[in-house]
Each structure stands twice: as structure tokens, then as C-alpha cells.
Amino acid sequence: MDKKIKILTEKLKDERSKKVIFVSHCILNENTRYLGGAFRKGCIDEVVDEIQNQGIGIVQMKCPEQKAWGGIFKKHMWRPLGSKNTFLYKLKGVLLPFFIWNTKRIYRKLAKEVVAEIKDYIDSGFEVVGIVGLAGSPSCGVNTTLDIKKSAEVLANTSIDDLDKNKMNESCIKELLTKGKGLFIEALKEKLRKESIKIKFYEHDLISEMNGKDIILKL
Ligand code: SF4
């Protein structure tokens, strides 16, 4: 920290806790969730309250799927829907690897921005308490993610007429959960490793939220 800023931070000492936590976008704004996947109108109050109670500032990361998959409604994720007997389906061996490759490419760029921001906080003498991801997300899952290939296959075999919120959450999400990291968390961890920055990861449980259970985020 340069000398002038150091003097200023002492002279202008204020109420800030100098602690921040980075959270997946939809913890503060479920409007970016996949269609059928928002269980709250806006933010997840109890997670926000817990962080607030501990005097930690919240930094909202961009929603990676919104950025990589075509905006708020993530229109690219719906391309396989009902495609089983189409020409598009025959090309899945090429299209799906390209989709994943392009997603990873964009996520690396987003991860670079997040890590630069984390570094700025650390270099400025702040504590970065952690990063909160979302269990069950193919992008933001920390320990639990979603099998993207199986998910594309289920969508290909589902017609738009047969799809409803329940089917979406049961067949396309719950049944396809698997252990592992989401692609964005993978990109973040890789970038943090390269920068030799150690940060704790936490995970908000999407399935508990889906089932209407109490959500406890232990920091
Ligand atoms: S889990 Fe990640 S990718 Fe999915 S809506 Fe939330 S922020 Fe976006």
C-alpha cells in the first residue's frame, strides 16, 4: 500500500470491517437462475443475513451462464430441447464439445476478472473471507455439480409440451447431480492457484432451497 493511502486510511478510519466475501450472482439475485429454478423472488435472505451478522461485505460475482449462454434466459442451454430426431441432434458430437469449450473460454476470462478483484482487496489489506458457490450448478458448484452431457440428452428427449417446472427440477437437475466442481469454480480455482492465492470455498445448497428446507451457510 503506498504511503499516502496508508496515512489516509489511518486519518479517515471509518466503520468498514475490511472483510468481504464473494458470492455467486444468484445468491443476491435469483432472476438469473435457469427457468423454473428460482425459489425466491430476489435474494436468499437467510444467507445474506448470516453474512451481514458477521459484518462482512458482499461482492456479487457476475452470473457466468448469463454471460456465456446468451443472456438472462440462457437461450443456448435450451438448444437441445426436443431435438432428438433432428439434424441438430446428429451433430451433438461436434456441437456439445464446442459448447463446453466456448463456455470454458468465457469462464476463464470471467475468473481472471474476479481474481484480479480479490487480489486488489488482499493487496489493500482486506480479508477475503471466501467464495460462496452453488451446489448443483454446472457452473458454480463447489462440491456438487451437474452432468452437462446427460442434461443435454434429457432435454433432447423432452418436448416443450412435456416440460414443466417439476419435470425440469426433477429430471434435468436432481437426477443428474454428480460430485465435482462446476466449470466456473474450476476456472476460478485454477486462476487462484496460478496467483498463489488461498481462499476458502463455501457452497449454498440449491436442492435444500428447492425442497423448502432451512438453509444454513456456516462461515
Ligand atoms: S449458480 Fe451461477 S450460473 Fe447459475 S444462476 Fe447462479 S450465478 Fe448464474
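The values are calculated or read from the model by the stated rules, or taken from the named source; none is laboratory data. Remember, predicted model here, so these are calculated numbers, not experimental data. Virtual Cβ from ideal backbone geometry, glycine too; neighbours counted across all protein chains shown.
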**OP:** Would you please name the residue that is farthest from THR145 (Cα to Cα), looking only at residues in region 172-219 that are of a type in the set (Asp, Glu) and within 15 Å of the ligand (Cβ to nearest atom)?
**Re:** GLU209
Subject >> Criterion: outside any helix (DSSP H, G or I), touching a Ser or Thr at 6+ places or on another chain (Cβ under 7 Å), without any contact (Cβ under 8 Å) to a residue 40 or more places away in the chain and of a type outside the set (A, V, I, L, M, F, W, C) - qualifying residue of GLY55, GLY42 >> reply: GLY55
Subject >> Residue in region 46-65 that is farthest from LEU110 (Cα to Cα), counting only those that are surrounded by fewer than 18 Cβ atoms within 10 Å (Cβ to Cβ) and within 11 Å of the ligand (Cβ to nearest atom) >> reply: GLN60
Original post:
Hey, any hits in region 149-163 for a residue that's within 19 Å of the chain's Cα centre (by Cα), closer than 28 Å to PHE87 by Cβ and within 15 Å of the ligand (Cβ to nearest atom)?
Top reply: yes
Subject >> Check on LYS167, basic (Lys, Arg) and closer than 30 Å to THR9 by Cβ >> reply: no
Subject >> Within region 1-27, considering residues that are within 16 Å of the ligand (Cβ to nearest atom) and in a helix (DSSP H, G or I), the one nearest to ALA38 (Cα to Cα) >> reply: CYS26
Subject >> Test for ASP49: is it part of a helix (DSSP H, G or I) and acidic (Asp, Glu) >> reply: yes
Original post:
Name the pairs: first residue in region 119-143 and farther than 12 Å from LYS19 by Cβ, second residue assigned to a strand (DSSP E or B) and among the small types (Gly, Ala, Ser), Cβ to Cβ under 8 Å, at least 6 apart or on different chains?
Top reply: CYS140/GLY133; GLY141/GLY133; GLY141/ALA135; VAL142/GLY133; VAL142/ALA135; ASN143/ALA135
**OP:** Considering only residues that are farther than 16 Å from MET61 by Cβ and touching a helix residue (DSSP H, G or I) at 6+ places or on another chain (Cβ under 9 Å), look in region 104-125 and name the one that is nearest to the ligand (Cβ to nearest atom).
**Re:** LYS104
Original post:
Picking from GLN52, GLN60, which residue would you name as being in contact with a His (Cβ under 7 Å, 6 or more places away or on another chain) and farther than 30 Å from GLU153 by Cα?
Top reply: GLN60
**OP:** Evaluate the following for LEU134: is it on the phi < 0 side of the Ramachandran plot and assigned to a helix (DSSP H, G or I)?
**Re:** no
Original post:
In region 130-144, how many are over 17 Å from LYS67 (Cβ atoms) and near the ligand (Cβ under 7 Å from one of its atoms)?
Top reply: 0
**OP:** Mind listing whichever residues of region 176-190 are without any contact (Cβ under 8 Å) to a residue 40 or more places away in the chain and outside any helix (DSSP H, G or I)?
**Re:** THR178, LYS179, GLY180
Original post:
On the given criteria, is GLU113 loosely packed, with under 15 Cβ neighbours inside 10 Å and acidic (Asp, Glu)?
Top reply: yes
**OP:** With the checklist (1) free of Cβ contacts under 8 Å to residues at least 12 places away in the same chain; (2) closer than 25 Å to ASN169 by Cβ in hand, flag the one item PHE99 doesn't pass.
**Re:** (1)
Original post:
Does TYR107 satisfy the condition of being modelled with pLDDT under 95 and among the hydroxyl-bearing types (Ser, Thr, Tyr)?
Top reply: no
